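Undergrad: Pasting in a structure now, in structure tokens, and then I'll have a few things to ask.
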4 protein chains.
Amino acid sequence: MAEPMILALSCADRPGIVARVTGYLAQCGCNIIEAQQFDDLAEGRFFMRVAFDPGAADREEIREGFGSIAHEYGMAWSMLRQDRPRRVLLLVSKFDHCLADLLYRQRIDEIAMEIVGVVSNHPREAINTLMLGDIPFHHLPIAKGEKAAQEARIRALVEETRAELVVLARYMQILSDEMAAYLSGRCINIHHSFLPGFKGAKPYHQAHARGVKMIGATAHYVTADLDEGPIIHQDVEPVTHADTPEEMVRKGRDIERRVLAEAVRLHLEDRVLVNGARTVVFRS
Amino acid sequence: MAEPMILALSCADRPGIVARVTGYLAQCGCNIIEAQQFDDLAEGRFFMRVAFDPGAADREEIREGFGSIAHEYGMAWSMLRQDRPRRVLLLVSKFDHCLADLLYRQRIDEIAMEIVGVVSNHPREAINTLMLGDIPFHHLPIAKGEKAAQEARIRALVEETRAELVVLARYMQILSDEMAAYLSGRCINIHHSFLPGFKGAKPYHQAHARGVKMIGATAHYVTADLDEGPIIHQDVEPVTHADTPEEMVRKGRDIERRVLAEAVRLHLEDRVLVNGARTVVFRS
Amino acid sequence: MAEPMILALSCADRPGIVARVTGYLAQCGCNIIEAQQFDDLAEGRFFMRVAFDPGAADREEIREGFGSIAHEYGMAWSMLRQDRPRRVLLLVSKFDHCLADLLYRQRIDEIAMEIVGVVSNHPREAINTLMLGDIPFHHLPIAKGEKAAQEARIRALVEETRAELVVLARYMQILSDEMAAYLSGRCINIHHSFLPGFKGAKPYHQAHARGVKMIGATAHYVTADLDEGPIIHQDVEPVTHADTPEEMVRKGRDIERRVLAEAVRLHLEDRVLVNGARTVVFRS
Amino acid sequence: MAEPMILALSCADRPGIVARVTGYLAQCGCNIIEAQQFDDLAEGRFFMRVAFDPGAADREEIREGFGSIAHEYGMAWSMLRQDRPRRVLLLVSKFDHCLADLLYRQRIDEIAMEIVGVVSNHPREAINTLMLGDIPFHHLPIAKGEKAAQEARIRALVEETRAELVVLARYMQILSDEMAAYLSGRCINIHHSFLPGFKGAKPYHQAHARGVKMIGATAHYVTADLDEGPIIHQDVEPVTHADTPEEMVRKGRDIERRVLAEAVRLHLEDRVLVNGARTVVFRS
């Protein structure tokens, strides 16, 4: 089997799309390994993800040929090979459990990505994990009134490293609207609450004060609208009256890191398609 | 073993409470079967639940003797026998899955309660379940502008039936502040969302619009502040992009009925103590 | 939109199946609403489920035309309309929580099925639920040494009622090999443990003795090999040291009824395809 | 508040134990912060855990005084301070996700322990995580027929390091009966299945072959009876037909590491009491 390619697409729904797409791939001699689709009947939008073995066919020719179908249907689409890890830039502040977790998963090849750098507004000494190794670490503190300058440096790093994805791995700084817009569609954040509950700061303290019986975490795409971007993945754990805010923080770390890691994995496998303010997630 | 009694209490924390309470019970010849306590260190409040076998001792004498300890410590307390089912009044509107579920659980003795009546703002024909049997059914519709009158009739029923607990089993009417205050502390509601997310009407439609990946339900005590009463129990289930609001409603039914039934069971076993805006829940 | 049809199929994997199937449906003027497929790469088997709107096309003609494709690919397949509820026979013993639950779900149209009868080895008086209503109830006790005769009567009932599915809703009798073979592929059982743990009798007592921290239930197709049939759905709940076997039985009832109901729903929506000793389950 | 002490005890049940224990602590001037108890009515065994603030009292005197009560009741007991981390030895083979996880949790003070060494039957180069830092690493390979010798070296390490707990963090070697007996009561293992299902080797492959819909992990005390020791903690995750054994392995890593970490934390906080073949676990 040749290394699979992933076709992900969305367009206005109309009859015959599946037949057209799969017919094209069959005609190219490709073998479909995994295929999922979703009709959003309410919105009239169609979403599809196909993993296929290109066989003997030339990848570039398949892609070019598909371009004209995509044009005809007005598709938003991508067709990427899975054997080239994407370039990922990680941003972190003081709490590095998500960072440590992503670094380990990358190292054992659980999540295929090339980590092109780690940025923090805190110095390297503030990092607990020893997993950084040789990965370039950038200490970009935010001096008072210098937020714009710091964000410009992050942007420059995104450009230099040609990062395809930026992950806010508990990066506790609010991005400016410009920065959020700049990163839109290629930036995943982990919010330490089960959104839309407890937006904003100190969500576990809010959760404790409200007396909820479960706490959670939410991984979402970054948009200009803080804590309102399309949700990729969420999970929760039960808590009791005996859990102090500090114990919720402890339990929360486990939820945060697995929710963020899952969202990053799903994104890097082209399993997440944006559908307005929501997402379509094609799990295997 | 004699039928156990349940002592539930709360008071300002100070050293020696447990020793005093358990010492008293030991001196009466009672055997403790189950005991739980919780110190809310932040609030300085102490909570305790003790299930004990009174042995040969006279229940009334135990209770009287305990009264002076309770007085000394300024306790809020109850000491009830578990062999007398509480009197419960159920309120329902059109969707009767929670009602059907509670009726069945009562019937197989899973939840010990005497259902003294079912009230609905819809006629009996609107009820799907056949489980009502001989339970008195009261159709109390709400004519325009006559809400106060209808609530007065419910209050009269609560008095007549000497109901100790009122359960809003998907009763889709907003109680007046007076009614909520009247029922405060003895009324449990099921809200079909994971509070504090999606308060108010049509929560599953709200959840769908926001694109969350889990939906839930919340059982809470009724207070004047709508959807803000102390939470007793919550649970969630995963949903996907493919779940329409209607499918969320379907999945939600299962969550709602098990969350409400659990809350009612916990309450009737004196396992729920109110701690300001929150609850302490002593599970076995 | 016309009432959708469901095509479910499996065959040896080879390139071009999806294109062929979806091409055929497109050519008939059908619009695909939902489609899922699975390649079992290890076994070389392909599975597919397609829900489609037949539009103006004649259902019988679509089916006939598909027959020749199916023949060509050696497919096992069905193409059924979803607006005709299947005929279902329910078997129960003493514990009727699953029965009560299925009857309620059918009544509120959550599970589309026509319940053609309820069979029990206990008399009608042993049934707790009041949900039976007008559904024919058959008391088929098992006199010593008369098991074969009783099973023959059940078989006769299956024939008379033309039942398409038999559900063992906590039917606590072990079927003979002949009976199991007779019902094979059209009979779902609920086992009150998380298989393969705790096969056989009194699984909650076994679970308590082993000291597990979670209990579960398993819905599976009936085969001659007791407790070994292909698993359709499973779920679990946490338990603690404080849970007696009786409390496990109580908690288990909730798991059993929701696991069985989900399995029945999945089966009746043609979402379950058998893959040797396992199943492929296409959830929406 | 002085650093709390933890009293954990078990004995044959009889009336008045709680009063006696709490009365003694009150008389010493200690303030109880957290207390839990459990009566195993079937076995006639009583279990209790008390966290208390010793206040101005002398810890050694409290302990000595308690000794005579313990003697009187025939208690198995411990009374330890929580501000001295226990000495822990970690054993690992090729898969180091549990090791990496425990090292990180220790480093951020989530689990209070002093890691006195890491032992592996593979060389240090086989370890993926960079978290080892300065922790002594011992490569103790098992040459053919030299298992007894290798185990003797581990025993020597346990003695030298005065390890109070040994954690088998995916140590893929079967301990000899002698070694298991030697470590009994102070050794925790993670088994990568939901016991008692899929004992023995390659449990995820077994699970895949059986077609289960959930996979899990089990942390248990090591006893001579392989995979049969008292269970401390278990958890599961759903899987589908599309999960290959390799994907189950991936999902399993997350379950394994959180189940093992939780078991280690519970043990180190004296929250786990052995009750024959089972455990009593007092969560906060």
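Undergrad: Would you work out the charge dipole size for region D:5-81 about its Cα centre, treating the Cβ of every Lys and Arg as +1 and the Cβ of every Asp and Glu as -1, and quote it to the nearest 20 debye?
TA: Its charge dipole is roughly 20 debye.
Undergrad: Let me ask you something else. Which shape class, rounded, prolate or oblate, goes with region D:128-192 when its Cα gyration tensor gives a ≥ b ≥ c as root eigenvalues, a/c under 1.5 marks rounded, and past that a/b bigger than b/c marks prolate?
TA: Since a/c stays below 1.5, the shape of region D:128-192 is classed as rounded.
Undergrad: Same structure again: Name the residue from B:His97, B:Ala201, B:Thr129 whose Cα lies farthest towards the positive end of the charge dipole of region B:86-281, charges +1 on Cβ of Lys and Arg and -1 on Cβ of Asp and Glu.
TA: Result: B:Ala201, furthest along the dipole toward the positive end.
Undergrad: Report the Cα centroid-to-centroid distance between region C:132-173 and region D:71-146 in angstrom, as an integer.
TA: Centre-to-centre (Cα) distance: 58 Å.
Undergrad: About the Cα centre of region B:61-209, how large is the charge dipole given +1 on each Lys and Arg Cβ and -1 on each Asp and Glu Cβ? Please answer in debye to the nearest 20.
TA: 480 debye
Undergrad: Among D:Ala12, D:Ala263, D:Ala169, whose mean-square fluctuation peaks in a Gaussian network model of chain D (Cα, cutoff 10 Å)?
TA: D:Ala12
Undergrad: What would the Debye equation give as log₁₀ I(q)/I(0) for the protein assembly as shown at q = 0.05, 0.07, 0.09 Å⁻¹, counting only Cα atoms as equal point scatterers?
TA: Computed log10 I(q)/I(0) values: -0.36, -0.73, -1.26.
Undergrad: Now for a separate question. Springs between alpha-carbon atoms under 10 Å, Gaussian network over chain B: tell me which of B:Arg162, B:Arg253, B:Arg271 tops the mean-square fluctuations.
TA: B:Arg162
Undergrad: How do B:His208, D:His205 line up, fewest other C-beta atoms within 10 Å first?
TA: Neighbour counts put them in this order, fewest first: D:His205, B:His208.
Undergrad: FRET efficiency for D:Leu226 and A:Thr240, Cβ-Cβ distance as r, R0 = 41 Å, nearest 0.05?
TA: Efficiency, rounded to the nearest 0.05: 0.75.
Undergrad: Taking the convex hull of the Cα atoms, report for region C:43-136 its projected area averaged over all directions, in nm².
TA: So the Cα hull casts an average projection of 9.6 nm².
Undergrad: Let me ask another. Can you list the residues, at least 5 places off or on another chain, whose amide H is less than 5 Å from the amide H of A:Ala2, using H built in the peptide plane?
TA: Result for A:Ala2 returns A:Gly55.
Undergrad: Turning to a different aspect of this structure: Cut-off under 21 Å on the C-alpha distance; same-chain residues fewer than 8 positions from B:Lys147 excluded. Which lysines are left, in chain and number order?
TA: B:Lys94
Undergrad: Take chain D, connect every pair of alpha-carbon atoms lying under 10 Å apart with a spring to form a Gaussian network, then pick out the residue of D:Asp40, D:Asp235, D:Asp101 with the largest mean-square fluctuation.
TA: Result for chain D, Cα springs under 10 Å: D:Asp40 fluctuates most.
Undergrad: A further question follows. Can you compute the helix-only [θ] at 222 nm over the protein assembly as shown? Use -39500 (n - 2.57) per DSSP H run of at least 4 residues, normalise by all residues, nearest 500 deg cm²/dmol.
TA: So the calculated ellipticity at 222 nm is -10000 deg cm²/dmol.
Undergrad: Moving to a separate point now. For region D:86-281, go through all pairs of different Cα atoms, get the mean of 1/r, take its inverse, and jot down that Kirkwood value in Å.
TA: That comes to 17.0 Å for region D:86-281.
Undergrad: Exposure proxy check: D:Ile127, D:Ile32 ranked by fewest other beta carbons within 10 Å?
TA: D:Ile127, D:Ile32
Undergrad: Then there's this: How big is Rg to Rh over region C:5-81, alpha-carbon atoms, Rh as the Kirkwood inverse-mean-distance radius?
TA: 0.95
Undergrad: Would you mind listing how long region A:192-258 runs along its three principal axes, going by Cα atoms, in whole Å with the largest first?
TA: Taking the Cα atoms of region A:192-258, the three principal extents are 36, 22, 15 Å.
Undergrad: Could you give the dipole magnitude of chain A about its Cα centre, charging the beta-carbon of Lys and Arg +1 and that of Asp and Glu -1, in debye to the nearest 20?
TA: Approximately 620 debye in magnitude.
Undergrad: Separation of region C:228-276 and region A:10-44 by C-alpha centroid, Å?
TA: Value for the Cα centre distance between the two parts: 35 Å.
Undergrad: Moving on to the next point. Quick query: amide H of B:Met214 versus all other amide H atoms, modeled in the peptide plane; which residues come in under 5 Å with a sequence gap of 5 or more or a different chain?
TA: The list, which skips near neighbours in sequence, is B:Val239.
Undergrad: Treat the count of other C-beta atoms within 10 Å as a stand-in for reagent exposure and order A:Thr279, A:Thr129, A:Thr161 from fewest to most.
TA: Lowest to highest Cβ neighbour count: A:Thr161, A:Thr129, A:Thr279.
Each value in this text was obtained by applying a stated rule to the coordinates, not by laboratory testing. Quick caveat: nothing in here was measured; it's all calculated off a predicted structure. With ideal geometry, Cβ positions are generated from the backbone for all residues, glycine too; neighbour counts draw on all protein chains shown.
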